[in-house]
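Data first, discussion second: the structure below is written as structure tokens.
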Amino acid sequence: MTHPLVVTGLGMVSPLGANSTTTFKRILAGDRAKTILTGSEWRSFVGVPRAAQALEVWIPEKLLERDRSLQLAVVAGYEAWDRAGLNRVAPERIGTTFSSSKGGLWSLLEAAKDPHLVDWDFLSDYFPHAGGRILAQQFGFSGPGLSVSSACSTGIASLSLAARLLQDRECDAVLAGSTESSIHPLIYAGFDQMGVLSENPDGPCPFDKERDGFMMGEGAGVLVVEREDQAAKRKVNPLARLSGWALAGDAHEPLEVDPTGKTIGHVIQLALKKAQLKPKDIGYINAHGTGTRFNDRVESKALFDVFGDHPFVSSTKGATGHLLGAAGSVEAIISVLALAEGWLPATTGLKNPDPECPIKHVPKGGLKQKVDHVLSLSYGFGGQLGAVIFSKV
């Protein structure tokens, strides 16, 4: 038996703000994050290394020595917890599906400098499941703590796993999401060698004719998901219904999806079927939209094949940068806010749309328009695909 699911809380930390409200306002304002990376460790890179860092973030004092990814997770968790009022749910009935694509990378790299000086608690910060564990410790709940790490689709995979826990009644509420802090020369060099980092001094521009890649970013996103009947008992006003979700795999190439776009279309159709919706019902799509020439072209083809030119589409990575493992959860939250606020965010930096990307772009400055259903998409290296649909309650 299936049970309607709703989102009752959300929280995020992004390069544009330390909470969801600030981030969403700045995206609508057309702001974009960019930090010049300085220091001796960055001098060997050709050009000017840049990233989208979450800079002005208050960190609880007892977390100051913990891995950066865990700090961001807890800050996002506070916002989501307070919004959902989870203090009124039995602690043993609250679980987590929360992860990262790279775990506590900073903890790992610091430990590698001299293994003989490794702190006793090094591994507690390093594992990808550490984010969910520290959320449970911080808020004092004891339900299932599960972790799925699937590259840049980790956030959507976490939402899918949360839905299953709730449908099976193993939990009454789940904190789902992901975190990432990996702006380090080692990871930067890897993406640089792949040729996927933008050299545009103004920042990345997804779907633009002149696009040349993305900008690395960091952040965290937490969504509180519950069964609708449980939320009603607590008299909590849901932000949206989690109506459809789907995961799929693409074994075409390690770093590329099927160029026909068929696997992307497949995961979208799976999510639509679960939501019992038709393509024409979707009013807005938050695309994966990395800003690489190949990805944007293939994704656009897939969207056109499924939807034609009906729904408005944008990529918020032009504003926030690519948050890697945190991208799926942060962009899902942005999609919920677009639905709840009736404001569709534009693709920051888009000036000359590429004719090879035949989608209906949200106009510059965003669009004040109410929609009933929104779709958020994420794809990760290795062929990890995810789609999630949110609907008006």
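Some notes on this structure:
- Test: residue in region 93-110 that is charged (D, E, K, R), surrounded by fewer than 16 Cβ atoms within 10 Å (Cβ to Cβ) and more than 14 Å from residue 320 (Cα to Cα): no
- Test for residue 123: is it at pLDDT 95 or above and either part of a helix (DSSP H, G or I) or in contact with a Ser or Thr (Cβ under 9 Å, 6 or more places away or on another chain) (or both): no
- Hits in region 149-197 (condition: crowded, with 21+ Cβ neighbours inside 10 Å and closer than 30 Å to residue 113 by Cα): 150, 152, 154, 178, 179, 180, 181, 182, 183, 196, 197
- Count of region 349-383 residues which are in contact with a Cys (Cβ under 8 Å, 6 or more places away or on another chain) and either part of a strand (DSSP E or B) or of a type outside the set (Gly, Ala, Ser) (or both): 6
- Pair list, Cβ < 8 Å and 6+ apart or interchain, from region 129-140 residues that are crowded, with 21+ Cβ neighbours inside 10 Å to residues that are of a type in the set (Phe, Trp, Tyr): 131/98; 132/98; 135/98
Yes or no, residue by residue, for (1) small (Gly, Ala, Ser); (2) buried (at least 24 other Cβ atoms within 10 Å of the Cβ); (3) at pLDDT 95 or above; (4) outside the structural domain of residue 19 (by TED's automatic domain parsing):
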| site | (1), (2), (3), (4) |
| --- | --- |
| 350 | no, yes, yes, yes |
| 353 | no, no, yes, yes |
| 364 | no, no, no, yes |
| 371 | no, no, yes, yes |
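- Residue under evaluation residue 390, criteria (1) surrounded by fewer than 16 Cβ atoms within 10 Å (Cβ to Cβ); (2) part of a strand (DSSP E or B), criterion not met: (1)
Per-residue answers, yes or no, for (1) part of a helix (DSSP H, G or I); (2) more than 14 Å from residue 181 (Cα to Cα); (3) aromatic (Phe, Trp, Tyr); (4) assigned by TED's automatic domain parsing to the domain that holds residue 215:
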{"residue": "10", "(1), (2), (3), (4)": "no, yes, no, yes"}
{"residue": "22", "(1), (2), (3), (4)": "yes, yes, no, yes"}
{"residue": "31", "(1), (2), (3), (4)": "no, yes, no, yes"}
{"residue": "38", "(1), (2), (3), (4)": "no, yes, no, yes"}
{"residue": "57", "(1), (2), (3), (4)": "no, no, no, yes"}
{"residue": "65", "(1), (2), (3), (4)": "no, yes, no, yes"}
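- Scanning region 206-230 for residues that are in a loop (DSSP other than H, G, I, E, B) and either out of contact with any helix residue (DSSP H, G or I) (no Cβ under 7 Å at 6 or more places or on another chain) or of a type in the set (D, E, K, R) (or both) yields a count of 7.
The values are calculated or read from the model by the stated rules, or taken from the named source; none is laboratory data. The structure presented is a predicted model; accordingly, all values stated were derived computationally and were not measured. Glycine also receives a Cβ, built like all others from the backbone with ideal geometry; neighbour counts cover every protein chain displayed.
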